[in-house]
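Since the structure comes first, as structure tokens, the remarks are kept for the end.
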Amino acid sequence: MWTLYQFPLCPFSRKVRLLLGEKGVPYAPVRESPWLRRDEYLDLNPAGQTPVMVDVERGGMPLIDSGPICEYFEETVDKAAMINGTAADRAEIRRLTIWFDTAFYRDVTGPLLFERMEKRLVHRAAPDSGALREAMKSAIAHLDYIDFLLDHRAWLAGATMSLADLAAAAHISVADYLGGIDWKGHEQAKRWYVGMKSRPSMRPLLAERMEVISPPADYENLDL
Ligand SMILES: N[C@@H](CCC(=O)N[C@@H](CS)C(=O)NCC(=O)O)C(=O)O
């Protein structure tokens, strides 16, 4: 059985968990707080980041970084292909997955996690309200882009659900938990997210809580 090193608000671990859920791959989540920089964890992943996956029955060589982890399961589990279609379709899926993991993380999820989680748990400091405002403003621009994509497509990267939808839902769910998402004026994006929220792969993630930090009241609700 696979072990997944992660913490509840890690968007990269959430993307992996959504993929594993869609594909029906069993795994045991193990809590890792990367900010503690544990020696044993650094031995496993020199970058010290989550997620990492290990299966001792398969020799124990760790899978490191959400991108390679998702590619590994996409290549080894046929069920629910998430990087599918023509070469051009697959390029678009990968582009948007990288978009959410880099641009959305840089502008929205990363700053919210730093201000609302890391400052509280690690630095015992108050969040910077200017940085929070900036992250929420960026979230609006990203939701505009999601609306634009959905004007042309059924799912974010094309006609079928893909890894790009899982990456986007992973990041948005973390930003939403941290109070950074305002759906006003984003009907398309909201409808898409409610659809993602109702998937069985998403329900266990939404039920989890991070210590000390509570999500807004409608975080798990299907009618936003
Ligand atoms: N490219 C990596 C990024 C992983 C990442 O940034 N994880 C964060 C937690 S959400 C982390 O471990 N941060 C601690 C650090 O960078 O030292 C991936 O996709 O897995």
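The values are calculated or read from the model by the stated rules, or taken from the named source; none is laboratory data. All of these numbers come straight from a predicted model, not from anything done at the bench. In this analysis, Cβ positions are derived from the backbone assuming ideal geometry, glycine residues included, and neighbour counts consider all displayed protein chains.
Worth pointing out:
- Filter result (surrounded by 13 or more Cβ atoms within 10 Å (Cβ to Cβ) and away from the ligand (no atom under 12 Å from the Cβ)) within segment 1-16: W2, T3
- Single residue of G48, G85 found to be at positive phi and within 11 Å of the ligand (Cβ to nearest atom): G48
- Sole exception among (1) charged (D, E, K, R); (2) at positive phi; (3) buried (at least 18 other Cβ atoms within 10 Å of the Cβ) for D165, by number: (2)
- Residue pairs meeting the criteria (Cβ under 7 Å; at least 6 apart or on separate chains; first among the β-branched types (V, I, T), in segment 45-73; second modelled with pLDDT under 95 and more than 12 Å from the ligand (Cβ to nearest atom)): V54/G60
- Scoring F73 on the criteria (1) touching a Phe, Trp or Tyr at 6+ places or on another chain (Cβ under 6 Å); (2) more than 13 Å from the ligand (Cβ to nearest atom) leaves a single failure, condition (1).
- Extreme residue, surrounded by the fewest Cβ atoms within 10 Å (Cβ to Cβ), among residues of segment 20-36 that are under 22 Å from R106 (Cβ atoms) and either more than 8 Å from the ligand (Cβ to nearest atom) or not hydrophobic (A, V, I, L, M, F, W, C) (or both): S33
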